[in-house]
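Take a look at the structure set out below.
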Amino acid sequence: PTPMIFSSARKRESLDFIILSVLADEPLYGYAIIKAVGAKSDGEIRLTPGVLYPALHGLEQEGLVSANWETVRSARSGDTTGGRKRKWYRLTAKGKRRWQKQANEHRSLMSMIQAFLPRADEEKASS
């Protein structure tokens, strides 16, 4: 199957749900969110920075995600005075409630749609 690439045309709600879902597991920085989404979807969903960071900004503005900057020091360089900054994102209590509500809505929808899907043995018989 061809991997799904999220573009700005994709529904914002689905993207938000996916981001909230990986942040429900643990706080992550941007690149780690991209990797977690890819891993959780078995490579089917590929987020790009140009899609992820505006979505994170929106989630932060809505109070669903909080963020803080931390300095990352390289163990190899031996530099103890500085380093590069990395922005970590975590769910807020409001974000966790939204994620749980959306998860329940998705489960209900999937359950309803399941009633319309053919069983595996029906698919084989019609092929």
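The values are calculated or read from the model by the stated rules, or taken from the named source; none is laboratory data. Quick caveat, the model's predicted, so the values are computed rather than measured. Reconstructed Cβ throughout: ideal geometry from the backbone, glycine too, with neighbour counts over all protein chains shown. Quick note on the areas: whole protein, heavy atoms, side chains included, nothing else; ligands and nucleic acids left out. Shrake-Rupley method; radii C 1.70, N 1.55, O 1.52, S 1.80 Å.
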Solvent-accessible surface (1.4 angstrom probe) belonging to E122, in square angstrom, nearest 10: 90 Å²
Estimated inter-spin distance, V72 and E105, nm [label 7 Å along Cα→Cβ]: 3.3 nm
Rounded percent of accessible protein surface that carbon and sulfur make up, region 16-107, 1.4 Å probe: 52 percent
Cα→Cβ-extended label distance, 7 Å offset, between R86 and A24, nm: 2.4 nm
Spin-label proximity, H57 to region 11-36 - amide N less than 13 Å from point 7 Å beyond Cα toward beta carbon: none
Translational D in µm²/s for region 24-98 (Stokes-Einstein at 10 °C, 1.306 mPa s, Kirkwood Rh from C-alpha pairs): 116 µm²/s
Cut-off under 5 Å, modelled amide H: who pairs with R46 long-range: M4, I5, F6
Probe 1.4 Å, protein heavy atoms only - accessible area per residue of region 43-118 in square angstrom: 71 Å²
